[in-house]
1. What residue, among those in the range 76-95 that are of a type in the set (Phe, Trp, Tyr) and assigned to a strand (DSSP E or B), is farthest from the chain's Cα centre (by Cα)?
2. Select from the range 40-65 the residues that are in contact (Cβ under 8 Å) with a residue 12 or more places away in the chain and open to solvent by 90 Å² or more (accessible area, probe 1.4 Å) and list them in ascending order.
3. Contact list please: Cβ distance under 7 Å, first residue in the range 101-126 and touching a residue at least 24 places away in the same chain (Cβ under 8 Å) and among the acidic types (Asp, Glu), second residue open to solvent by 30 Å² or more (accessible area, probe 1.4 Å) and in a strand (DSSP E or B), pairs at least six apart or on different chains.
4. Please enumerate the residues belonging to the range 41-75 that are outside any helix (DSSP H, G or I) and either in contact with a Lys or Arg (Cβ under 6 Å, 6 or more places away or on another chain) or of a type in the set (S, T, N, Q) (or both).
5. Are there any pairs, at least 6 apart or on different chains, whose C-beta atoms fall under 8 Å, with the first in the range 76-92 and over 30 Å from Phe103 (Cα atoms) and free of Cβ contacts under 8 Å to residues at least 40 places away in the same chain and the second among the charged types (D, E, K, R) and assigned to a strand (DSSP E or B), and if so, which?
Amino acid sequence: MKHKPVAKMPVKMPVKMPALEGGKIASAVPEMLRMLGEDPTREGLVQTPQRWERAMQYLTSGYRTNLAEVVNGALFSVDFDEMVVVKDIEFFSLCEHHLLPFFGKMHVAYLPKDRVIGLSKLPRIVDVFARRLQIQERLTQQVAQTIQDAIDPVGVGVICEARHLCMMMRGVEKQNSEMVTSSVLGTFRESQATREEFLSLIGHRVGALG
C-alpha cells in the first residue's frame, strides 16, 4: 500500500541554549525570600538558594540537550509495518504560567515506513521537552513532531494525560481533574481505524480521538 507523505506540522522547536552560569540564579533567591516575608539567613533556608538553582537547572535541562545526541543514531532499518506503541511514559514538567509542576504519562505510537527507533529513545525524547517551561498542548505536539522528523514514519500518535498543580494547589483547587491532549500526524490523523487501534492498544475508549 502506497502511503501519502506526511506534511510537517508548524511546531516551533526551541534551539539548544548555552549552559547556565552557576550562582546567578541562587544569588537572586535571598531577596525573593525576604519579599515573601522570610528570613533567608535562618538555618532551614541558608542553603535553599543553591538547592533551588540546582533543582531548576535539572528541571529545565531540556533547553541544553541536543536532540541529535539523544537519538544518537539509534535508527534501524526493518521490514516491519505494524504499529509500535510505548505507553505509560512518566514525565514531570513545569507550567510556564505559574512555574508549578504538572505531571503524568504519555503514550507514543508510530507506524514505521522502513525503520524504527531504539526503544529507550522515545522516553528520552519526552524528557527533553518535558524538562522545559511548558504547556501540555505544546509538549504533546513537540514530542509527536520530533518522532515524525527523526524516523519519517507513515504516521505518529501521542496522547498525554497530566495533572497540574497550578489547578490543584491554587485557583479553582480541583484535586481530581486531569487534562488529556493528543497530537496525531499522517495516517493517525487520516484513518479512524488507525486511531482506534492505537486507543485499543493503550487501553483507552475507542472513538476518543474520532
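1. Phe76
2. Trp52, Tyr58, listed by residue number.
3. Once the first residue is touching a residue at least 24 places away in the same chain (Cβ under 8 Å) and among the acidic types (Asp, Glu) and sits in the range 101-126, its partners that are open to solvent by 30 Å² or more (accessible area, probe 1.4 Å) and in a strand (DSSP E or B) give Asp114/Ser77.
4. Once the filter is applied, which keeps residues that are outside any helix (DSSP H, G or I) and either in contact with a Lys or Arg (Cβ under 6 Å, 6 or more places away or on another chain) or of a type in the set (S, T, N, Q) (or both), the range 41-75 yields Thr41, Gln47, Thr60, Thr65, Asn66, Asn72, Ala74, Leu75.
5. From the range 76-92, the pairs are Ser77/Arg115; Val78/Arg115.
The values are calculated or read from the model by the stated rules, or taken from the named source; none is laboratory data. All values reported here derive from a predicted model rather than from experimental measurement. Glycine gets a Cβ as well: all are built from the backbone with ideal geometry, and neighbour counts include every protein chain shown. Only protein heavy atoms, including side chains, enter the accessible area calculation; ligands, DNA and RNA are left aside. Shrake-Rupley method; radii C 1.70, N 1.55, O 1.52, S 1.80 Å.
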